[in-house]
1. Whenever you get a sec, compute what percent of the accessible area on region 255-414 sits on carbon and sulfur atoms (1.4 Å probe).
2. Would you mind giving the average projected area, over all directions, of the Cα convex hull of the chain in nm² with one decimal?
3. Limiting things to C-alpha atoms, what are the Rg and the maximum Cα-Cα separation (Dmax) for region 19-61, in angstroms?
4. Which residue, L165, A183, G216, has the largest displacement toward the positive end of the dipole of region 115-224 when charges sit on each Cβ (Lys, Arg +1; Asp, Glu -1)?
5. When each pair of different Cα atoms in region 84-202 is counted once in the 1/r mean, what is the Kirkwood radius in angstroms, to one decimal?
6. Taking the solvent-accessible surface of protein heavy atoms with a 1.4 Å probe, what is the per residue accessible area of the chain in Å²?
7. Have a look at the DSSP beta bridges in the chain and tell me what percent are antiparallel, nearest 5.
8. With a cap of 10 neighbouring Cβ atoms within 10 Å, and only residues DSSP puts in a loop, list the chymotrypsin sites (Phe, Trp or Tyr not before Pro) found in region 8-107.
Amino acid sequence: MMGEIENRTIVVGAGIVGLCCAYHLFRSGFNVTIVDRAISGDRASNGNAGAVAVAEILPLPKPGIIRQLPGFLFSPLGPLSIRLRYLPLLWPYLRHFMVAANMQSFNAGAAAMASLLAPAMDDHEEMLESIGAPTLLRRGGGLFVYKSEKARRSREAEWSLRRELGINAEPIGRSGIEAIEPALGPAASCGYFTDDWAYYGDPKVLCEKLLNYLRGVGVKTIDEKVYGFELTNESYPSRVITENGQLIFDHLVIAAGAWSHKLTKLLGDSFPLETERGYNTTLSKPGVEIKYMTTFAEDHFVMTPMDMGLRIGGAVEFAGLNASPNYARSKALVKLAQNYLPNLRTEDGIEWMGHRPSTPDSLPVIDRSPNHRNIYYAFGHGHLGLTGSATTGRIIANLARNCLLGIDLTPFRINRFN
Ligand SMILES: Cc1cc2nc3c(=O)[nH]c(=O)nc-3n(C[C@H](O)[C@H](O)[C@H](O)COP(=O)(O)OP(=O)(O)OC[C@H]3O[C@@H](n4cnc5c(N)ncnc54)[C@H](O)[C@@H]3O)c2cc1C
């Protein structure tokens with residue numbers, strides 16, 4: 001049994017990744033405190049599309065994407081856009097992104113994500129069971145649709161790679177789509193159906209339930225911004241400096257989403273983290289009945305039939321952490337959805353923007369600091385932070401306990417771009 005003195009553990013960040021780290025650390029006997037500058041604030045973890053998207057293992061940088069770069073600069077409402085003014089600040093990330101955009105890195109990245117996400121569904125289910133919320137996750141699979149057979153064939157190699165890496169997916173024709181999702185009009189011509197997919201009826205409810213559980217079992221929460229760290233004589237940083245004071249720790253986890261790099265730099269571990277801003281609209285009365293979460297592959301958006309309405313979202317926008325949202329992007333996605341859902345009603349939508357923590361190779365950072373043995377990193381999950389959260393939390397707790405991990409963490413190192 002660990003002594004109280006040795007296991008004071010601070011988790012910075014109350015997003016889904018920080019909460020899952022706190023959950024697993026608590027279950028492993030650590031004395032956990034969560035620090036967040038806005039415990040009940042909005043964040044990526046609250047407003048996302050809700051998917052546990054185990055099938056979504058392919059990295060964003062892939063061969064051919066660099067040729068499209070000029071187009072991204074001049075199509076502000078396209079699926080991926082870069083604000084021209086932001087380009088110089090994006091360079092440290094972009095240069096590594098471009099290096100990663102080759103077939104070898106793409107295949108290796110997909111394999112690494114497949115190994116990380118293989119246990120994700122079980123990890124979510126086990127955690128939900130133990131916090132008394134087993135019904136939050138909707139199993140049943142997910143649908144990918146294409147507008148034409150030609151478009152689907154053009155992605156056949158990617159689907160083969162997914163299958164080689166253990167993902168279950170079956171091709172589905174127009175009649176199959178009509179049978180399982182009759183609200184989809186003829187623009188949804190064919191696709192794939194995968195069992196390796198589930199979704200939460202509301203990701204915010206998951207975060208709230210997890211936070212309530214943690215508070216209920218004695219995990220402390222502190223609503224303060226973390227500014228820095230203080231090193232002790234043994235050259236271990238042992239204090240977190242917050243806006244109101246200092247907190248002593250024996251173990252520290254940085255899970256501060258798209259802001260994590262600001263903190264890791266202070267600990268001597270720089271990382272080229274960026275934010276991929278994403279948008280959605282939630283329609284409380286969509287006028288259509290949808291059963292499955294669906295990805296519209298050519299138009300790069302998804303829809304999720306959530307508890308509070310139909311959420312339509314996606315988009316990748318590189319414009320940094322401080323620029324104000326451009327909700328024309330949310331509107332553009334709803335317009336695209338109307339092409340597939342002829343009866344969609346779009347009044348009274350609630351628009352939202354969130355910051356995905358994005359790494360140049362689409363792989364998260366899950367690591368122990370090379371400089372400090374008692375500091376761990378859990379951030380950069382990009383489009384898959386909800387999906388990978390429970391597994392990441394389990395891995396971080398195992399790292400802190402010096403247990404066998406059952407996964408090779410080499411692809412997820414913090415210093416892989418140094
Ligand atoms: C439109 C959209 C749709 C998405 N859909 C999905 C999906 O369907 N499935 C999926 O798996 N993922 C999805 N994602 C991605 C997912 O939401 C994120 O990867 C995930 O929420 C990141 O969680 P996090 O805990 O790392 O960060 P966050 O949720 O951003 O939490 C980070 C926390 O750190 C705190 N913090 C930061 N700096 C400090 C500091 N200095 N001191 C104290 N606190 C600090 C912040 O206040 C924040 O609460 C989507 C994202 C977007 C934007």
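1. 50
2. For the Cα atoms of the chain, the hull's average projected area reads 19.5 nm².
3. Expressed in Å, the Cα Rg and Dmax of region 19-61 come to 14.6, 39.
4. A183
5. The answer is 17.3 Å.
6. Ligands and nucleic acids excluded, the figure is 42 Å² per residue.
7. Around 70 percent of the beta bridges assigned by DSSP in the chain are antiparallel ones.
8. Filter output for region 8-107: F74.
The values are calculated or read from the model by the stated rules, or taken from the named source; none is laboratory data. Note that the structure is predicted; figures quoted are calculated from it, not measured. A quick note on method: Cβ atoms are made from the backbone with ideal geometry, for glycine too, and the neighbour counts reach across all protein chains shown. To get the accessible areas, we keep the full protein, side chains included, count just its heavy atoms, and leave off ligands, DNA and RNA. Shrake-Rupley method; radii C 1.70, N 1.55, O 1.52, S 1.80 Å.
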